[in-house]
Amino acid sequence: MSQVFSNWRPVIGLVKPTMRPGSLEELVRTLPDGVGVLPLHQHIEEGREDEFEAALEAYERAAAILAEQGVDFIHLSGTPPFMILGREGEKKLIARWKRKFAIETSAAPELDAAALRALGVTKLIGVTYSEFQNELSRNYMNEAGFDVLAMEPMKASFAGASHLSPHSVYAHIRKTFLAHPEADGIYIQGNAWRVLSVIEMVERDFGVPVAHANCALTWRIQKMFRINEPREGLGRLMRELP
């Protein structure tokens, strides 16, 4: 093992599915001071099913590189490659990689589900940015034990998802929630869009908690490494649960 860095708080090894900027920068802004991030990027370009299926081997290679660097935790960002496996398939794969790398490892879908459970969500509405990811998300969250009242895509292109404005995402959430006001939580799937700025607004306006990938990851890091630094303006998960 060749550790090439030192840090006074944990260093997180992160495997991102695409080259697009935005989500990594947002994650770093949510993390407590002193937590390091060592990112590796894949190059999924079109969001096709075959790309996601083929990506798993690249995820494993990237995780092996991060393990060699002595990171404290490995997180595999991007939900579709793991949702394709189904809930049980994801569990088995991550358990195998944990044994192989001897480092705590998580994938985005199980972490999103854990955040929803921590928030006490049982009946959710979800929003996504493609028909394909929408059905994957619906099926996965059903398998994870949630009552999915609605899962609605914005129908952007895979490349165009990062250009959706936060306020257009808010409007889409609003329409979906008002059609299902009995929901007790909201799931914002994926990291392509920039939504951190509206999470607090959504929770305040509709009175239910929100789970989103970057907040879920920062929550898990704080919980795992005994860090207690609540953050205002990013929703209940970040404000109360660390």
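The values are calculated or read from the model by the stated rules, or taken from the named source; none is laboratory data. These numbers were taken from a predicted model, which means no experiment stands behind them. Methodologically, a virtual Cβ is constructed for each residue, glycine included, from the backbone with ideal geometry; neighbour enumeration extends over all protein chains shown.
For first residues located in region 149-172 and farther than 19 Å from F206 by Cα, partners that are exposed (fewer than 15 other Cβ atoms within 10 Å of the Cβ) and among the charged types (D, E, K, R) and lie 6+ apart or on another chain with Cβ distances below 8 Å form the pairs P153/E131; K155/E131; F158/E45; F158/E46; A159/E45; A159/E46. Contact map, region 196-212: residues that are more than 10 Å from L234 (Cα to Cα) paired with residues that are of a type in the set (F, W, Y) and assigned to a helix (DSSP H, G or I), Cβ distance under 6 Å, separation 6+ or inter-chain. Pairs shown: F206/F177.
Just one residue in the set K123, K91 is among the basic types (K, R), more than 24 Å from I44 (Cα to Cα) and modelled with pLDDT of 95 or more; that residue is K123. Free of Cβ contacts under 8 Å to residues at least 40 places away in the same chain, surrounded by fewer than 18 Cβ atoms within 10 Å (Cβ to Cβ) and either within 28 Å of R194 (Cβ to Cβ) or of a type outside the set (G, A, S) (or both), is that true of R99? Here the answer is yes, as R99 does meet what is asked. Looking across region 162-197, the residues that are in contact with a strand residue (DSSP E or B) (Cβ under 9 Å, 6 or more places away or on another chain), buried (at least 17 other Cβ atoms within 10 Å of the Cβ) and not in a loop (DSSP other than H, G, I, E, B) come down to V169, H172, I173, T176, F177, G185, I186, Y187, I188, L196. Inclusion of N214 among residues that are out of contact with any Asp or Glu (no Cβ under 6 Å at 6 or more places or on another chain) and either closer than 29 Å to E46 by Cα or not in a helix (DSSP H, G or I) (or both) is not warranted. Please verify whether M141 is over 13 Å from L116 (Cα atoms) and buried (at least 22 other Cβ atoms within 10 Å of the Cβ), treating the condition exactly as stated. Against the criterion (over 13 Å from L116 (Cα atoms) and buried (at least 22 other Cβ atoms within 10 Å of the Cβ)), M141 does not qualify.
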